[in-house]
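Notes to accompany the following structure.
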Amino acid sequence: MLHIAICDDQPDQIRSIRQSSERYFQDKQDTVSYETFDNAFSFVDTINQGAIFDIVLLDVCMPGILGTEVARRWHKNCASSAAARRSSS
């Protein structure tokens, strides 16, 4: 199963991105789940709580925090999680 995050401050863009993604995956063998975020801070909170996504579709220009900063935080969280998994095995 693929877990996809869509983060955009414009609801119409979230809908459009999700619809495009659903069309793309409809003929694939993967099951896909989506989690949508209408602001970058809620996405950051979710990843800080340990959520893991296989694909992140992230708007770069959002109010309050740039998407590039969000990506940096997500990457840092992913690296920390991977290091924790390696040390526990």
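The values are calculated or read from the model by the stated rules, or taken from the named source; none is laboratory data. This structure is a prediction, so every number in the text was calculated from the model and none was measured. Every residue, glycine among them, receives a Cβ derived from its backbone with ideal geometry; neighbour counts consider all protein chains shown. Ligands, DNA and RNA are excluded from the accessible area calculation, which covers all protein heavy atoms including side chains. Shrake-Rupley method; radii C 1.70, N 1.55, O 1.52, S 1.80 Å.
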Accessible area of K76 in the full protein assembly, 1.4 Å probe (Å², nearest 10): 140 Å²
Net charge of Cβ neighbours under 12 Å - reference C61; Lys, Arg +1; Asp, Glu -1: -4
Accessible area in the full protein assembly, largest first, 1.4 Å probe, for D54, D9, D27: D27, D54, D9
